[in-house]
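Peer 1: Mind having a look at this structure? Questions to follow.
Just so it is clear, none of the values below were taken in a lab; they were calculated from the coordinates. It should be emphasised that the depicted structure is a prediction, and the values quoted were computed from it without experimental measurement. So basically every Cβ, Gly included, is an ideal-geometry build from the backbone, and we count neighbours across all protein chains shown.
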Amino acid sequence: MFLKSIDFARMYREHKSATDFKGKSSADWDAKSKDMAVSVLNSPYVNDFISRMDITGNEVVLDIGCGPGTLAIPLAKKVKQVIAIDFSAQMLKELEAYAAREGINNIKTYHLGWEDDWAILPKVDIAVASRSIEVHDIDMALSKMSSQATKACYLTYKVGGSFVDMNILDYIGKKIIAKPDFWYIPLLLYKEGHLPHIDYIETQHASIHFSSADEFVSSLIWSVHELDETQKQKTMEYYERFIATKNRLPKPFTWAFISWSTKNII
């Protein structure tokens, strides 16, 4: 333990408030749901995530921030039932449409977010949060995951403090305050008596799929909220020089895959 008590939960909240990577509203994700539904199909990331889970086939799994079914649909083919929740109603509609196309009937959806009351939800064997735990109060979110699952929890969280390749931000002259990095999570879990395991999943940056400079500019604005006119012009220049020509593709994302047992508390 530490010589003096350190309030990592408070540090995280302060860091989260200061970063340029602000949280998105349910309306933001509603608007993005259709594009995401297409992009997540057959993602190698899904196999990388599920292969790290300890599942026998008889589990009930809670998928928190399920989006358009990225994990929920593949998991539903491997476990007894999936309880899928998201604060974006449109994401849930995309998931339900995806499930219908796949002939999946063992998913139950709830229109709920991290900050909502989960009293309506049943206890589950496993809780997962795939790239969805960008919350202001990380201690609250981890506690809710742990209390909901009787067996284990699995989550992924972006490594490095930025959703944008820093080479791009340096090129366009955009200074940012990075987001909290993943190390807050194992520290907070350990404080609560868990012994978390950490692994890593690498995924290709989505911007390589953009077909125009305008789309590339929009992607950066989505991440950092605003660019001035000079930064927009530099972003378009970067796209034409490096992305369109594939001379310098953005660095892959690295996700920390963090898991812990909810049965064995030290």
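Peer 1: Straight-line reach from residue 123: which aspartates and glutamates have a Cα under 14 Å away, not including same-chain ones fewer than 8 places off?
Peer 2: 59, 63
Peer 1: Cut-off is 10 Å between beta-carbons; in what order do 197, 15 appear when sorted fewest neighbours first?
Peer 2: Taking fewest neighbouring Cβ atoms as first place, the list is 197, 15.
Peer 1: Take the alpha carbon gyration tensor of the chain, find the square roots of its eigenvalues, order them as a ≥ b ≥ c, and report rounded if a/c is under 1.5; if not, report prolate when a/b exceeds b/c, else oblate.
Peer 2: The shape class here is oblate.
Peer 1: May I ask you to sort 61, 135 by Cβ crowding, counting other Cβ atoms within 10 Å and putting the fewest first?
Peer 2: 135, 61
Peer 1: OK, next. Mark the label point 7 Å from the Cα of residue 105 along Cα→Cβ and return the residues of region 68-83 whose backbone N is within less than 19 Å of it.
Peer 2: Counting backbone N atoms under 19 Å from the label point, the list is 73-83.
Peer 1: How large is the dipole of region 8-140 about the Cα centre if only Lys and Arg carry +1 and Asp and Glu carry -1, each at its Cβ, rounded to the nearest 20 debye?
Peer 2: 280 debye
Peer 1: Sticking with this one: Restricting to DSSP H runs of at least four residues, report the calculated mean residue ellipticity at 222 nm for the chain, -39500 (n - 2.57) per run over all residues, nearest 500 deg cm²/dmol.
Peer 2: Value at 222 nm, helices only, nearest 500: -11000 deg cm²/dmol.
Peer 1: Can you work out D for region 132-266 in µm² s⁻¹ from Stokes-Einstein, where Rh is the Kirkwood radius over C-alpha pairs, the temperature is 20 °C and the viscosity is 1.002 mPa s?
Peer 2: 128 µm²/s
Peer 1: State which entries of 32/174; 77/151; 78/179 exceed 31 angstrom in Cα-Cα distance in the structure shown.
Peer 2: 78/179
Peer 1: So if I restrict to the alpha-carbon atoms in region 183-243, what is the Rg, and what is Dmax, the biggest pairwise distance, in Å?
Peer 2: 18.2, 50
Peer 1: Using Cα pairs closer than 8 Å and at least 6 residues apart in sequence, work out the relative contact order for the chain, in percent.
Peer 2: It rounds to 22 percent for the chain.
Peer 1: Of 23, 106, 218, whose Cα points farthest to the positive end of the dipole of the chain (charges on the beta-carbon: +1 Lys, Arg; -1 Asp, Glu; origin at the Cα centre)?
Peer 2: 106
Peer 1: Going by average Cβ density within 10 Å per residue, which order do the peptides 222-228, 104-110 take, highest to lowest?
Peer 2: By packing density, highest mean first, the sequence is 104-110, 222-228.
Peer 1: So, one more: How many angstrom lie between the C-alpha centres of region 71-94 and region 104-142?
Peer 2: One Cα centre to the other: 11 Å.
Peer 1: On a 23 Å Cα-Cα criterion, which of the cross-link pairs 24/80; 144/263; 24/263 come out too long?
Peer 2: 24/80; 24/263
Peer 1: Quick one: length gained pulling residue 261 to residue 187 fully straight, 0.36 nm per residue minus the C-alpha distance?
Peer 2: Contour length minus Cα-Cα distance gives 25.1 nm.
Peer 1: In addition: Give me the dipole magnitude in Debye, nearest 20, for the chain about the Cα centre, with unit charges on the beta carbon: positive for Lys and Arg, negative for Asp and Glu.
Peer 2: Values: 31 positive and 34 negative charges, 102 e Å.
Magnitude of the dipole: close to 480 debye.
Peer 1: Note the per residue figure in Å³ for the convex hull of the C-alpha positions in region 84-199.
Peer 2: Per residue, the Cα convex hull of region 84-199 comes to 155 Å³.
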